[in-house]
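Okay, structure first, notes after.
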Amino acid sequence: MKLATLKDGSRDGQLVVVSRDLASAHYATGIASRLQQALDDWGFMSPQLQDLSDALNAGRARHAFPFDPTQCMAPLPRAYQWADGSAYLNHVELVRKARNAEVPDSFYTDPLMYQGGSDDFIGPCDRIVVASEAFGIDFEAEIAVVTGDVKMGATPAQALDGIRLVMLANDVSLRNLIPAELAKGFGFFQSKPATAFSPVAVTLDELGEAWQGGRVHLTLQSSWNGRKVGMCDAGEEMTFHFGQLIAHIAKTRNVRAGSIVGSGTVSNKGVEKNGRTEWPKGYSCIAEKRCIETIQDGQPATEFMRYGDTIRIEMKSKDGQSIFGAIDQEVVAPGSTGQP
């Protein structure tokens with residue numbers, strides 16, 4: 001099934017079930033009014049939501065209405081936890097290589113992860129408000145999962161059983177603020193503004209055979225200002241699967257229902273052609289493109305995002321249907337808030 005949260009003027013919106021083709025929706029109010037309610041009692045509520053989903057997809061839902069992603073909040077407008085990993089080691093390797101630094105051996109066995117702000121996510125079509133273009137505005141196309149309760153000490157296999165939903169994320173980064181923050185030795189903070197998520201979050205069965213080994217084996221598409229810049233394979237090159245990422249969190253504490261865990265920037269290795277490395281699948285963030293340029297040409301050439309720039313992030317099934325709907329945002333200055 002596919003679930004979304006519609007804007008209603010409140011902090012947490014209204015939970016709706018969305019049809020498989022993303023054409024129609026139905027309020028889930030008789031079952032749960034908020035997604036967190038459903039996650040807190042998933043064993044009882046998810047079968048009821050599934051029944052509503054089945055009726056909606058069969059055309060039997062009496063009060064269905066057209067689904068409009070511009071009216072969506074993030075599926076979980078605020079969450080108990082947002083922990084973002086860096087599961088695609090190619091991304092880390094490029095960043096390190098661009099500054100002539102080695103990747104520590106531990107990075108290949110122990111996931112990188114930071115804890116982001118989870119109190120104020122933004123919707124898939126909400127504008128990205130940034131105080132200054134000088135901050136180095138960048139998109140980051142990612143996959144994220146929403147968990148149920150996972151006990152401290154859970155194995156990766158046990159952690160996989162705790163996954164309830166999958167969605168896409170735009171983990172916006174302010175690149176020019178990152179170096180000074182990391183130099184303090186305490187991680188990201190101001191350099192990570194509000195994260196946006198896809199219009200819908202889906203249960204694992206919606207992914208079919210694409211969900212294998214805790215990974216989504218499909219292409220993540222990124223279009224910057226209408227030009228496709230990334231067609232990255234999200235499956236094979238994900239070094240740490242979602243069970244490993246969740247187990248990393250659970251090493252020293254319980255993971256509670258409604259936690260969101262991100263994959264980090266989806267990234268693919270380059271290929272050698274005529275003595276030069278090329279990246280035919282593109283990139284899922286501008287910083288990676290700049291690292292590629294630095295490695296090849298000695299310096300970056302691609303600028304970060306400007307006011308008025310747009311970013312669209314989407315993933316389609318093998319038959320070409322959008323699975324999660326699209327994250328479709330514009331970068332604006334303060335005072336330009338609201339919907340497009």
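Results, tabulated for the structure shown:
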quantity	calculated
Options H63, H26; residue that is in contact (Cβ under 8 Å) with a residue 24 or more places away in the chain, assigned to a strand (DSSP E or B) and more than 27 Å from V150 (Cβ to Cβ)	H26
Residue satisfying all of: in segment 272-305; within 26 Å of the chain's Cα centre (by Cα) and among the aliphatic types (A, V, I, L, M); farthest from N225 (Cα to Cα) among these	I292
Number of the exception - Q221 against (1) of a type outside the set (F, W, Y); (2) modelled with pLDDT under 95; (3) closer than 30 Å to Y307 by Cβ	(2)
Count of segment 149-195 residues which are polar (S, T, N, Q) and surrounded by fewer than 21 Cβ atoms within 10 Å (Cβ to Cβ)	5
Checklist (1) open to solvent by 50 Å² or more (accessible area, probe 1.4 Å); (2) in contact (Cβ under 8 Å) with a residue 24 or more places away in the chain; (3) in contact with a Gly (Cβ under 9 Å, 6 or more places away or on another chain); (4) farther than 19 Å from S198 by Cα applied to N57, failing item	(3)
Which listed residue, of D161, D149, is acidic (D, E) and closer than 25 Å to D119 by Cα	D149
K251 being assigned to a loop (DSSP other than H, G, I, E, B) and of a type in the set (K, R)	yes
Output for segment 118-148, where each listed residue is open to solvent by 20 Å² or more (accessible area, probe 1.4 Å), of a type in the set (D, E), in a loop (DSSP other than H, G, I, E, B) and touching a residue at least 60 places away in the same chain (Cβ under 8 Å)	D120, D126
Residues satisfying the stated conditions in segment 321-338, i.e. within 23 Å of A144 (Cβ to Cβ) and either charged (D, E, K, R) or over 20 Å from the mean Cα position of the chain (by Cα) (or both)	D328, E330
Selection count, segment 91-105, where residues are free of Cβ contacts under 8 Å to residues at least 24 places away in the same chain, open to solvent by 60 Å² or more (accessible area, probe 1.4 Å) and part of a helix (DSSP H, G or I)	1
Residue match in segment 231-245 (condition: open to solvent by 40 Å² or more (accessible area, probe 1.4 Å), of a type in the set (V, I, T) and under 28 Å from N176 (Cα atoms))	yes
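The values are calculated or read from the model by the stated rules, or taken from the named source; none is laboratory data. It should be emphasised that the depicted structure is a prediction, and the values quoted were computed from it without experimental measurement. As a convention, Cβ positions derive from the backbone with ideal geometry for all residues, glycine included, and neighbour counts pool all protein chains shown. Heads up: the accessible areas ignore ligands, DNA and RNA and are worked out on the full protein's heavy atoms, side chains in. Shrake-Rupley method; radii C 1.70, N 1.55, O 1.52, S 1.80 Å.
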